[in-house]
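What follows is a single structure, written as structure tokens, with notes after it.
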Amino acid sequence: MAEYSKDEIRKIEDKWRNRWVENKVYKTELDPAKPKYYVLDMFPYPSGAGLHVGHPLGYIASDIVARYKRVKGFNVLHPMGFDAFGLPAEQYAIEHGIHPAISTQENIQNFKRQLGKIGFCYDWDREVQTCDPKYYKWTQWIFLQIFDSWYNRKKEKAERVAELIKTFESEGNKQHAFPNTKFRLANDKDVFTSVEWKSFDEKTQQEILMQYRLAYLAYTDVNWCEALGTVLANDEVINGVSYRGGFPVVKRQMRQWSLRITEYAERLLKGLEEIDYSDSMKEIQRNWIGKSVGAKVVFNLKSEKAIVPSMTVFTTRPETIFGVDFMVVAPEHEMVKDITSAAQQGEIDKYLKYVESRSEIERMAEVKKISGAFTGAYAINPFNNKQIPVWISEYVLAGYGTGAIMGVPCGDERDHKFARHFNLPITNIIGKYYDGTDANPTYDAILENSDFLNGLPMREGITVVVKKLEELGIGTKQINYKMRDAGWSRQRYWGEPFPVIFRDDIPYAMEEKDLPLTLPPSDNFKPSGSGEGPLANLKEWINIGPHERRDSNTMPTHAGAAWYFLRYMDPHNDKEFAGRKSLDYWNQVDVYVGGSEHAVAHLLYARLWTKVLADLGYINFDEPFKKLINQGKITGISKFVYRAVFRVFYPGGPGDITPLLLVSKGHYEAINNSTLDEATGEKMFTQALDQFKKLIINNTIETNNYEFRQNIDILEIEYNSSHPIRIYTQLAIQEDKSSNGWVLDIDKFKNWSEKSWSEAKNLGLFLENDRYICGSSIEKMSKSLFNVENPDDVIEAYGADTLRIYEMFLGPLEQSKPWSTSGIDGSFKFIRRFWNLFHDNGNFKISDAEPTREELKVLHKTLKKVEQDIENFSFNTSVSEFMICANELTSLKCNKRAILEPLVIALSPFAPHVAEELWEKFGHKDTVLNAKFPQYDEQYLKENAFNYPISINGKVRAEMKFGLDMSKEDIEKNVLASEIVLKWTEGKAPKKVIVVPGRIVNVVL
RNA sequence: GGCCAGUUAGUUAAGUGGUCAAAAACAUUUGAUUUAAGCUCAAACUCUUCGGAUUCACAGGUUCAAAUCCUGUACUGGUCACCA
């Protein structure tokens, strides 16, 4: 007896998982005789929470592709590994005193156990872990190759620094200007001759080379997070606070490693054209790179001190130069102090102070706020000598373009607002396109008030102006990118150490034979606070000799992830990062599956490293991923309590006090609405405050931090809406589904040991109807949100095959969707129904009879659809097709080998365990992985007659069967003669009859 | 706010001009089986006087023919966010 029951499923799945491992069926070898196919998942960060149901979504999809390609005859590389360096392990170490190496290994083991249960066809012999010295030896090695490279703009590729030195020795740097245009030599020049080069001392030479290296050390503005004691990447900062923890982030100058990715901006942009990423993904990358084409224009300056003769602006609209009514310079711009007039000094100082006081968060939150100050200086329009006032304002960014702009209020919205706010005149150069109230950034206008440009369409004006500027030597065409060089230093322990040695502050590459530079053992992971990372605490390790020391920083997690797909090709090579033969054979990743949250950083760095390695001749492709699929997130419902912060003022007290109060959902909404809508909401807000006052007076609210005395005389209570407000919890119960309310288990919550909420014991709770209703929202699954669903539970109840089918059936792969197990029965029933086709009363029973034409049609229709759907990554529809097929064969009572055997192969990528079992029952000794995917045959899909829908005035009224070879005229005759049509025409001749062969007949009356 | 994508039955979701009252699954209801529940099987699931009528966010348009193409509106999601 073998029903597809829970016990049977476990038996089958365990049996095959073990057998796959024993027989090493997933072992991949290089085989030039076969075409290769490389299917890659974004490797996971092994978090302590383990795998949740969102992880496998992409893995299942890629596993289906891998298995499918294998039965299609490809030699498939489908590896898995772990992105194992990173901040969370280090934080965990600080909190729990467990070394990152240990917790990381534990987490990896847990991940592997969970992954193993889902039946993925990974070749675990190729596993990589970025924290393994055998692996990061090569991360360091590649870093050194980048360090030893510079970008030759003439050839548009990276070259060795030795080449550059040769050039300097023979002709100086006249052919290759400093990439950083602001850099100056000691003599304030930016060019040197070969003679000068040779005269420079070692330190100067190294400094100059550093200006060219693709991995370079420089003082850069970084996002410094005091609370985490470390620098964060731009994508780790969200709305001015850290992605992890939500701590404030400020700008700070530090000497850091950077990768000169800006040199590759154009190639990264161009490369997008030849790779198959989704349009939105490409758009995000283009956005990030942020190319804009315009011109640099020099304006002469008239200022009291006359120190600065001119200023340069960057504009994408040089043709609007006659519409310039003011100039705006970034407050941080170095020329500000030199152009400010005595009369305006006070004004400017006041404004600079204001800018300095503004936090990053405020600046971002108040984007619309207009502010600025006049310097007292004037720029001169080179074409009409008009005097243009020079202002400063924080809406102009120091780091982009030249840090100065020309203000054209009639064409630019921000400039327009600025002009309005400060009552500056607005010159209209676009005629009727400017309506006097709003700027119009049109390109369509014919220029007016524009001297030699009058009458020209704006588009043509651009080239005319640029030409003129160039003739006069006061401007050139200029391309700018928003993208900045990538900060590559992290003040952390758990990462790759930089393989360099500083001698008298000059970094030198370590020799290859000395790699890897292993991470020294340590149990102190706390940042030193000075801005240096934890490694600075290890004095013996850092200081090698009197003039020699190591770098105390480590690389970001992006480093290990920037090239791991190459290591999979040859993971045990200890002579090279990967052997040339393997690199050439496996080549690009054919399909890369992962989340869109890595759209920018990871993908760009991986593309960058690939391009550098290609330029240096190590590999023969310069884009790593041919095709990218972004699976959607599986979301979960997270529940949280609202933490409202009130400030209480009372007489004689030490000041104001801010007790903690958790307000139930209804109250929270009342309070919040009232802050938005004063007219109607005021009353609700007052009520909430009154209630709160009562709670305090009745001494119901206490905190550990503040003592409340009875009979306290409260002067004023104010609600502080800017305070962080959510505390996530799993201690919420849904009592009745209709109201959608999650009720907090208050007792448990008060004793909750969660670190983020240790003050819970003496909570003030503002209840509604004696219950605390939690807020809830659908969000990405994450341990920190307590909304994680574990796949182990599903496998326990239904088996891995059902999980695989179900996750694929949920909807389109690229779409995000909330997790719910409500439909999982359908997937399970489908497998059972499929299984039952092969069984009669639990016994395997198959017929060798010839299949009928109808059965063959079902088979080939399914094969065709499934094949097409897999190629299109439309797995939900292929599952649906299998369901239709199983339903049809069930009603045909088909148990014929000729039909079912090919179906087992076709289903094997989706449900490998059950497929193997059935395959074995057919008498096969070898795994179904070595079978051949059955090719569908069109001849079984063809019909020789067609059931024509007969529509009258576009509405289908009847059906008539005609041969597909019947002529239009004959069909028309037959249709018009038919009873049903005669009934509608009532004897009258139709206006028109449309016959579309093989489709439809339409009679128009 | 800019850009991009989307809006289909109670739910998830297929469907890029005709074979569409719209696949598949879930949920719901009914019947068979069962002592019963579950499972399984069969069927119903916009309205209907059984002729048909009205439907794929809303409003227009193109066409012999529109869920599908075009225009506008509303809403939802993603993404970037003072980048000159």
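Just so you know, all these numbers are worked out from the coordinates, no wet-lab data involved. These numbers were taken from a predicted model, which means no experiment stands behind them. All Cβ positions, even for glycine, are placed from backbone atoms using ideal geometry, and neighbour counts span all protein chains on display.
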On Cα atoms only, tilt of A:345-357 relative to the major axis of chain A in degrees: 30 degrees
Which residue, A:Gln345, A:His924, A:Leu115, has the largest displacement toward the positive end of the dipole of chain A when charges sit on each Cβ (Lys, Arg +1; Asp, Glu -1)? A:His924
Tell me, what ³J(HN,Hα) does each residue in the stretch A:11-26 have, in order and in whole Hz, if you take phi through Karplus 6.51 cos²θ - 1.76 cosθ + 1.60 with θ = phi - 60° and put x for Gly and Pro? 4, 4, 5, 4, 4, 6, 4, 5, 5, 4, 5, 4, 8, 6, 5, 9
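Determine the dipole magnitude for chain A: charges of +1 sit on the beta-carbon of Lys and Arg, -1 on that of Asp and Glu, nothing else is charged, the reference point is the Cα centre, and the result goes in debye to the nearest 20.
1440 debye
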On each of the three principal axes of the Cα atoms of chain A, give max minus min coordinate, whole Å, ordered largest first. 101, 81, 79
Rounded to the nearest 10 degrees, the helix A:279-289 long axis (Cα) sits at an angle to the longest Cα principal axis of chain A of 20 degrees
How charged is the neighbourhood of A:Lys477? Take every other residue with its Cβ under 11 Å from the Cβ of A:Lys477, and add Lys/Arg as +1 and Asp/Glu as -1. +1
Karplus-derived 3J(HN,Hα), 6.51/-1.76/1.60, for each residue of the stretch A:947-964, Hz, glycine and proline x: 7, 6, x, 9, 10, 10, 6, x, 10, 6, 10, 7, 10, 9, 9, 10, x, 5
Rounded to the nearest 0.05, what FRET efficiency is calculated for A:Leu30 and A:Asn300 with R0 set to 56 Å and r the Cβ-Cβ distance? 0.25
Among A:Phe422, A:Ala373, A:Ile462, the residue whose Cα sits farthest towards the positive end of the charge dipole of the stretch A:291-481 (+1 at Cβ of Lys and Arg, -1 at Cβ of Asp and Glu, taken about the Cα centre) is A:Ile462
The rounded separation in angstrom of the Cα centers of the stretch A:915-987 and the stretch A:567-635 is 46 Å
Compute the long axis of helix A:912-921 from its Cα atoms, compare it with the longest principal axis of the Cα atoms of chain A, and write down the angle in degrees, 0 to 90, nearest 10. 30 degrees
The stretch A:423-463: chymotrypsin sites (Phe, Trp or Tyr not before Pro) in DSSP loop, at most 15 other beta carbons within 10 Å: A:Tyr443
Extension gain A:Glu413-A:Ser978, at 0.36 nm per residue separation less the Cα-Cα distance, in nm? 196.6 nm
Of the GluC sites (Glu not before Pro) in the stretch A:413-515, those whose Cβ has at most 15 other Cβ within 10 Å and which sit in DSSP loop: A:Glu511
Going by Cα centres, the stretch A:90-154 and the stretch A:22-50 are how many Å apart? 16 Å
What is the set of long-range amide H partners of A:Ala84 at a cut-off below 5 Å, with H atoms built 1.01 Å from backbone N? A:Thr130, A:Cys131
The ³J(HN,Hα) series, computed from each phi in the stretch A:602-608 with the Karplus coefficients 6.51, -1.76 and 1.60 at θ = phi - 60°, rounded to the nearest Hz and given as x for glycine or proline, is 4, 5, 5, 5, 5, 5, 5
Consider all pairwise Cα distances in the stretch A:945-1004 and report the whole-number % of them above 16 Å. 32 percent
Summed over the other residues with a beta carbon less than 11 angstrom from that of A:Trp138, with K and R at +1 and D and E at -1, the charge totals -2
Antiparallel bridges, percent of DSSP beta bridges restricted to chain A (to nearest 5): 80 percent
Magnitude of the Cβ-charge dipole of the stretch A:352-505, K/R +1 and D/E -1, about the Cα centre, nearest 20 debye? 220 debye
In terms of modelled amide H atoms, which long-range or inter-chain residues lie less than 5 Å from the amide H of A:Gln256? A:Ala218, A:Tyr219, A:Thr220
Nonlocal amide H pairs with A:Leu77, under 5 Å, H built at 1.01 Å: A:Tyr37, A:Tyr38, A:Val39
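Excluding A:Ser280 itself, what net charge comes from residues whose Cβ is under 12 Å from its Cβ, given Lys and Arg +1 and Asp and Glu -1? Present the calculation step by step, with values, prior to reporting the outcome.
Working: positive: A:Lys282, A:Arg286; negative: A:Asp279, A:Glu283, A:Glu814.
So the surrounding residues net to -1.
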Computed over the stretch A:416-493, the distribution of all Cα-Cα distances in 5 Å bins, rounded to whole %, is 3, 12, 15, 14, 15, 15, 9, 4, 4, 4, 3, 2, 0
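At most 10 other Cβ atoms within 10 Å and a DSSP loop assignment: could you name the trypsin sites (Lys or Arg not before Pro) in the stretch A:862-906 that fit?
Numbers: sites: A:Lys864, A:Lys865, A:Lys893, A:Lys896, A:Arg897; in loops: A:Lys893.
Within the stretch A:862-906, the qualifying trypsin sites (Lys or Arg not before Pro) (loop, at most 10 other Cβ atoms within 10 Å) are A:Lys893.
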Note: A:Glu969 to A:Lys942 extended length (0.36 nm per residue) minus current alpha-carbon separation gives 7.4 nm
Please give the length that would be gained between A:Glu356 and A:Val191 if that part of the chain were fully extended, namely 0.36 nm times their separation in residues minus their C-alpha to C-alpha distance (nm, one decimal). 55.9 nm
